[in-house]
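Read the structure below first, then the notes.
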Amino acid sequence: MLKALSILPDKCTGCMQCELACSYEHEGVFNPARSRIRVFHFHDEARYVPYTCTQCAEAWCQTACPVEAIQVNPATGAKEVLDNLCVGCKVCTIACPFGTVNYNQATGKVIKCDLCGGDPACARYCPTGAITYVDADLTAYERMRTWAARTDTQAQATA
Amino acid sequence: MGWQRRILRVNLTEGTCNPEPLNMDWARQYLGQRGLATKYFVEEVDPTVDPLSPDNKLIFATGPLTGTAASTAGRYSVITKGALTGAIACSNSGGYFGAELKNAGWDMIVFEGRAPEPVYLLIEDEEARLLPAGDLWGRSVWETHERIQHDHQDPMLKIAAIGQAGENGVLFACIVNDLHRAAGRSGVGAVMGSKRLKAVAVRGTQGVSVADPRRFLQVTMEKKRILAENAVTGQGLPTYGTQVLMNVVNEIGALPTRNAREVQFEGAPRISGEAMREPRPTDGKPNLITNQACFGCTIACGRVSRIDKTHYVVRNKPQYWKASGGLEYENAWAMGADTGIDDLEAMTYANFICNEQGMDPISFGATLAAAMELYESGAIGKEETGGIDLRFGNAEALTTLVEQTARGEGFGRDLGLGSRRLCEKYGRPELSMTVKGQEFPAYDPRGIQGMGLTYATSNRGACHLRSYTVASEVLGIPEKTDPLVPDGKPALVKAFQDATAVVDSSGLCLFTTFAWSLDDIQPQIDAACEGDWSLENLLAVGERIWNLERQFNLRAGFTGADDRLPERLVSEPARQGPAKGLTNQLDKMLPEYYALRGWDENGVPTAETLQRLGL
């Protein structure tokens, strides 16, 4: 069974623990500027939205890469960047429709979410449950449940 | 590690920016942020300096935990000689700016001199330069924020700035970062304005490391759980913010009302945290939209509000229809109970203006309250107020005067002096609710005795954040003490003062101490920083910082005679509530406090005390 990140922006407080966790997991330092997940603050609307790679089944970054440096990890389904192959051409950053692959000037390679090999640090560190790691078929389950709970029909047992 | 080991020295007169290594000997004695910056300040600045002269310095300082994944580890402080008080000033702020500064590779910035023309400082990692701010001068914090991000095409720049209040020399002007978090008290924004420094904009991509990562991650995770499971930090603060206190403090009869003439406010329920969540009759929406976290914070007490579009104050001002920083408890008290106003929307507007123009809402509200008492007692009239009917409870006076004060117009010029100078000017100094020139906040020392000693002895003038004995006396943290008696309070105040100095020097938020003791904080500092960070050492650091600040004030001309409360609090008994008939018993507490501190009867640290602390 594959799992996927489920993101519920209405639970996000904008604390950036996910960015701290992600950067530490991948870089060994706390450095939000190198995080693979980003929290966007829409200040005037009071909304905070974490955003990262959704691991497309048919991944355009992977298709576009001329040196096959983006490979699927069969255990997690994550599209991972192989640093020894990546030449930093940035074609994947153009190909990705969501902007979740980004170039890292410090290394000359691209970086993207790799699901931390199956135990994503962002989900572990999120204090509000805005980011969870769940069955890939059920990423919207919590949202369905929330809306289901809002229906006002009362069960009535019939004899 | 923990520290970046590098500070930036900016000489505004010369227009130079130079890096220096951090003095690690001092870091071992003073930890960081409040303590370490105060050490630098005391070593470099003549205590008798005029706060608004080029010889005063202004330090922005982070702590060793700032920028790490410890909960709430995004704090920075601004240290200077306060424009409002003439005492050491240290104003602490959250938001995201502090962590960004640390991520750019700097522990602190020391500003000296005065720029010949307005400037702002741009920091992009190790590169720092001063840029002309002529076209930003005269603009608000919000406009400045937008302009700088736009001009550099970088929406990720984090910005701390002054608004019109700081430019116009409002003595309680503050420095606002991330649009609505503030280094709020003592007039640090007025000092920044006197240096013609409009803003500091930072982008940091270097990262922050810790000494023992494995231990650090484990212990910070464990301590986050404590915050999540605690009733105050896990439920009360995220749900109601600090405004959870309004009804509580009113009920125990410690809510200073109408310039502290009374201790309970009949309008408290209408301006409380609960009221902010109630749907409004006009548009069916609550004032509060959501809570917000500062950098790394797992509590998330910040308030984000939207003003009712149909309210008279914003009906024709669509620029104030968007969401922004809402009322915290102190602000709601100062601009509400203390002025007798119960119009939540008008108060939220005044709060927005304080954020937009960079003014401390505590001092502003309390100064307005003093002005209202001057007006009602006949000391001033409509001639002085520019025709404004300055009765207690007049919300239109609040919304008009908050703008006038920031702009330095009309009666706002008088309010911008702060309440001590205002009341002296009109011949009624006893109506100023200040200690060392700073307005006291939202806890009446007649109903919470320990807060009297807290205000009287605070090194930055009256303040609740130097020893928040409310935690013990009202909330029972770490253990319940009786708020109506002075017994035991000197020891409580000293212990809280020393522990708070440590928290304020670490990069963490003081609000964690609703759930954490120093026993919880110590292992986080110890895992992040090299060296000996045992509990004993940290307590010594806290006491050393307190005495260092005290020494600065004594050399600046303060004496034990300044450890006084406004006469009203010690001679006019509370008129109602559980504290009815009581005054504050400062005279009983102060001598015992001096003795516990190892100070003589005049409040001067003895030679033995200084030697013991290595001062």
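No lab work stands behind these numbers, since they all come straight from the coordinates. Everything numeric in this text was worked out from a predicted model, so none of it was measured. Counting neighbours? That spans all protein chains shown, and the Cβs are built from the backbone with ideal geometry, glycine included.
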- [ ] Compute the relative contact order of chain B as a whole-number percentage, counting only Cα pairs closer than 8 Å that sit 6 or more residues apart in sequence.
- [x] 16 percent
Task: Cut-off under 5 Å, modelled amide H: who pairs with A:Tyr133 long-range - done: A:Ser6
- [ ] Please work out the C-alpha center-to-center distance from the range B:28-57 to the range B:252-295 and express it in whole Å.
- [x] 37 Å
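Rounded to the nearest 20 debye, what is the charge dipole size of the range B:466-555 about its Cα centre when +1 sits on each Lys and Arg Cβ and -1 on each Asp and Glu Cβ? Please report the intermediate quantities before stating the final value.
Values: 7 positive and 14 negative charges, 93 e Å.
Magnitude of the dipole: close to 440 debye.
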Open item on the list: Given the options B:Ala527, B:Gly35, B:Leu217, identify the residue whose Cα lies farthest towards the positive end of the charge dipole of chain B (+1 on Cβ of Lys, Arg; -1 on Cβ of Asp, Glu).
Closed with: B:Leu217
Open item on the list: At 7 Å along Cα-to-Cβ for each site, give me the label-to-label distance between B:Ser517 and B:Arg280 in nm.
Closed with: 4.5 nm
- [ ] Would you kindly derive the ³J(HN,Hα) couplings of the range B:555-572 from the backbone phi angles with the Karplus curve 6.51 cos²θ - 1.76 cosθ + 1.60 (θ = phi - 60°), listing them in order in whole Hz, with x for Gly and Pro?
- [x] 6, 7, x, 6, 9, x, 5, 8, 7, 10, 9, x, 3, 3, 6, 10, 10, 9
Open item on the list: Give me a comma-separated list of calculated 3J(HN,Hα) values for the range B:583-597, in order, Karplus coefficients 6.51, -1.76, 1.60 applied at θ = phi - 60°, integers in Hz, x for any Gly or Pro.
Closed with: 10, 7, 9, 4, 4, 6, 8, 4, x, 5, 4, 4, 5, 4, 6
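Would you work out if the range B:487-554 is rounded, prolate or oblate? Take a ≥ b ≥ c from the square roots of the eigenvalues of the alpha-carbon gyration tensor; rounded if a/c is under 1.5, else prolate when a/b is larger than b/c, oblate otherwise. It would help to have the intermediate numbers written out before the result.
Details: a/c = 1.89, a/b = 1.31, b/c = 1.45.
It is oblate, given that a/c is not under 1.5 and a/b is not larger than b/c.
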- [ ] Compute the distance in nm between two label points, each set 7 Å from the Cα along the Cα-to-Cβ direction, one at A:Asn84 and one at B:Thr609.
- [x] 6.6 nm
Task: ³J(HN,Hα), Karplus 6.51/-1.76/1.60, whole Hz, each residue of the range B:141-155, x for Gly, Pro - done: 4, 5, 5, 4, 4, 5, 4, 5, 4, 5, 4, 9, 6, 9, x
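Quick check for me: using +1 on Lys/Arg Cβ and -1 on Asp/Glu Cβ, what's the dipole size of chain B about its Cα centre, in debye to the nearest 20? Could you put the intermediate results ahead of the total?
Numbers: 63 positive and 77 negative charges, 109 e Å.
The dipole of chain B has a size of about 520 debye.
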Task: the protein assembly as shown: radius of gyration and largest Cα-Cα distance (Dmax), Å - done: 26.2, 90
TODO: Indicate the gyration tensor shape class of chain B (rounded, prolate or oblate), computed on the Cα atoms with a ≥ b ≥ c the square roots of the eigenvalues: a/c under 1.5 is rounded; otherwise a/b larger than b/c is prolate and the rest oblate.
DONE: rounded
Task: FRET efficiency estimate (nearest 0.05) - Cβ-Cβ, B:Trp321 to A:Val67, R0 56 angstrom - done: 0.65
Task: For the protein assembly as shown, with +1 on Lys and Arg beta carbons and -1 on Asp and Glu, the positive-most of B:Asn291, B:Val485, B:Gln551 along the dipole - done: B:Asn291
Open item on the list: 5 Å is the cut-off here: which amide hydrogens, built 1.01 Å from N in the peptide plane, fall below it relative to A:Phe40, excluding neighbours closer than 5 in sequence?
Closed with: A:Val49, A:Tyr51
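As a check on your grasp of the helix formula, calculate [θ] at 222 nm for chain B: sum -39500 (n - 2.57) over DSSP H runs of n ≥ 4, divide by the residue count, round to the nearest 500. Let's see the in-between values first.
Details: 25 runs with 229 residues, N = 615.
Rounded to the nearest 500, it is -10500 deg cm²/dmol.
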TODO: Report the residues of the range B:506-521 in range of a label on B:Asp212: point 7 Å along Cα→C-beta, backbone N strictly under 17 Å from it.
DONE: B:519-521
- [ ] May I ask which of B:Lys285/B:Lys317; B:Lys57/B:Lys436; A:Lys11/B:Lys224; B:Lys57/B:Lys224 have a Cα-Cα span longer than 25 Å here?
- [x] B:Lys57/B:Lys224
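Can you tell me the dipole magnitude for the range B:93-180 around its Cα centre, using point charges on the Cβ only (Lys, Arg +1; Asp, Glu -1), in Debye to the nearest 20? Don't jump to the answer; show the numbers that get you there.
Numbers: 6 positive and 15 negative charges, 60 e Å.
Dipole of the range B:93-180, to the nearest 20 debye: 280 debye.
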- [ ] Per residue of B:291-301, count partner chain C-beta atoms within 10 Å of its C-beta, then hand back the mean as an integer.
- [x] 6
- [ ] May I ask for the angle, rounded to the nearest 10°, between helix A:17-27 and the longest principal axis of chain A, with both axes built from Cα atoms and the value confined to 0 to 90°?
- [x] 30 degrees
Open item on the list: If the reach is capped at under 17 angstrom between alpha carbons, list the lysines near B:Lys480, excluding any in the same chain fewer than eight residues apart.
Closed with: B:Lys489, B:Lys494
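Cα-based Rg of the range B:1-160 per 2.2 N^0.38 Å, rounded to two decimals? Before the final figure, lay out each step's value.
Details: Rg = 15.4 Å, N = 160, 2.2 N^0.38 = 15.1 Å.
In units of the globular-protein estimate, the range B:1-160 measures up at 1.02.
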Open item on the list: Taking amide H atoms as placed 1.01 Å from N in the peptide plane, list the residues 5 or more away in sequence, or in a different chain, whose amide H sits under 5 Å from that of B:Ile380.
Closed with: B:Tyr375
TODO: Select from B:His145, B:Gly113, B:Met156 the residue farthest towards the positive end of the dipole of the range B:81-187; place +1 on Cβ of Lys and Arg, -1 on Cβ of Asp and Glu, and compute about the Cα centre.
DONE: B:Gly113
